[in-house]
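What follows is a set of notes on a single structure, which appears directly below.
Every number here is computed from the coordinates shown, using simple stated rules; none is lab data. The shown structure was predicted, so the numbers you read here are calculated from the model rather than taken from an experiment. Glycine also receives a Cβ, built like all others from the backbone with ideal geometry; neighbour counts cover every protein chain displayed.
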Amino acid sequence: MKKRIIYASAVALFLAATPVLAQSGTNNAASITQEGRHNKVKVAQVGGENNEGSVEQEGRHNKAGILQEYGRYNDAEIEQEGTMNSAGIRQYSGYNSDAEIEQEGYKNRAGIVQIGGYSNEADIDQDGIKNGAVISQSSGEDNEADIDQDGYRNRASISQVEGEDNEADIEQDGAGNMAEIEQLGGEDNESDIEQDGTGNFAGTLQVGGEDNEIEIMQDGARNTAAVAQLGGEYNDVMIEQSGDDNSAYVAQIGGYDNDASVAQDGDYNTALVLQYQGANNTADVSQVGDYNIGGVLQAGEGNTATVMQSGNYNIGAVAQIGVDNEAMILQEGSSNTALVGQLGRGNMADVHQTGTSGLVVVGQAGWSNSATVAQGGTGNAVYVGQSGVGNSTSVVQR
């Protein structure tokens, strides 16, 4: 968060202080090429149409900025190659405008700010080491933000505030990369993070939005994914990880009709889903591999939790507090442990384990609860406790 603020502030200060090549009107074209070090250039296009601004810089410690205001069908492009270069593009109250920044090298910084426009596109491509990219979109509609990074220890951040039908996409290929997407108070927004490599981290935050979608995909080793949705409605979350030592965290608090799904394929995976004070929430955790841990906690109405684990040394846990909750845990393999706790009425728990050294504990307190446990193998133990009215218990061990 701190780094994103620093990058955005630096872009704003640079655009305000650098000498300007100004254009107004329609069908203007500005093309600037610089080679060397410590060069500064800014192109300003105000109130025009079909304007093109292009800046090309090669060297180190160069700075380039493009400002477009109240225009439409404008194109802004900055290309930089070298070390410790900075690029910034700002588009204000425009539509159908494109902003693109391409950087190659070491410790480069890129920022794109779009305010109050619609149908605009922002794209940042970086290739190198320790590069930083920030895209900020506020009060816009039908805008697209895309950050692609290839290299080592890069940072990418996209912020969308009070927008509608916006799309945010971050793709990172390498090691030690960090990606963050923040959507605040928007509607029908989509965020997508895809990471390929080792030691990557992805985080997404949606606050007070409606019909937002979050998708995180990681392929590699020792990856971490975190998603939080606070006070939203009809939000969807999907996390898919393939590799080793992956961890996934999903939290939905105070929402309505939220969906959370986590799928992990690999070793030493951990998945945790928390849905609190919501209604009609669905949580699905599926893990294939070794040493997996899955957990779901739901408090509200009409929640459904499903944990499916296939492999060895898996632990599944579901806790539901509310009304009309359903829990199913299916584990196939060896040394599996399943824990289901439900407090409320109309809850139903189904646990299926096939293998050896499995443990099932089901506790239900309330009305009309039903528990079904089937285990196949040797060394299994079942503990089922139900207190209330209309509870039914069926246990089969072979």
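Here's how it looks for Val227: its modeled amide H is under 5 Å from those of Thr204, Tyr249, Val250, Ala251, which are all 5 or more places away or on a different chain.
Take the Cα of Arg398, step 7 Å toward its Cβ, do the same at Glu35, and the gap between the two points is 7.8 nm. With helices as the sole contributors, the chain gives -1500 deg cm²/dmol at 222 nm; each DSSP H run of n ≥ 4 counts as -39500 (n - 2.57), and the sum is divided by every residue.
Between the C-alpha center of segment 272-308 and that of segment 161-189 there is a gap of 24 Å.
Of Gly186, Gly231, Gly377, the residue with the greatest mean-square motion in the GNM of the chain, using alpha carbon springs below 10 Å, is Gly377. Within the shell of other residues whose beta carbon sits under 12 angstrom from the beta carbon of Gln91, the net charge comes to -3, with Lys and Arg scored +1 and Asp and Glu -1. Measuring from a point 7 Å past the Cα of Val389 along Cα-to-C-beta, which residues in segment 341-370 have an amide N at less than 13 Å? So the set is 345-346, 366-369.
The alpha carbon centroids of segment 312-374 and segment 36-67 are separated by 61 Å. Counting neighbouring beta carbons within 10 Å and listing from fewest to most, the residues Arg37, Arg72 come out as Arg37, Arg72. Relative contact order of the chain, taken over Cα pairs closer than 8 Å and 6 or more residues apart, is 6 percent. Close Lys pairs in the chain (alpha-carbon distance under 15 Å; sequence gap of 8 or more, or different chains): 6.
A simple charge model with +1 on the Cβ of Lys and Arg, -1 on the Cβ of Asp and Glu and nothing else charged puts the dipole of the chain at about 2060 debye relative to its Cα centre.
Put in line by how crowded their Cβ is, counting other Cβ atoms within 10 Å and starting with the fewest, Thr356, Thr306 read Thr356, Thr306. For the chain, the longest principal axis of the Cα atoms and the long axis of helix 2-17 meet at an angle of about 20 degrees. Size of the chain from its Cα atoms: along the principal axes, largest to smallest, the extents are 79, 33, 28 Å.
Per residue, the average separation of C-alpha pairs within less than 8 Å and at least 6 apart gives segment 38-140 a relative contact order of 22 percent. Projecting label points 7 angstrom from Cα along Cα→Cβ for Val323 and Tyr70 puts them 5.5 nm apart.
Considering only His38, His352, His61, the Gaussian network model of the chain with Cα springs below 10 Å gives its largest mean-square fluctuation to His38.
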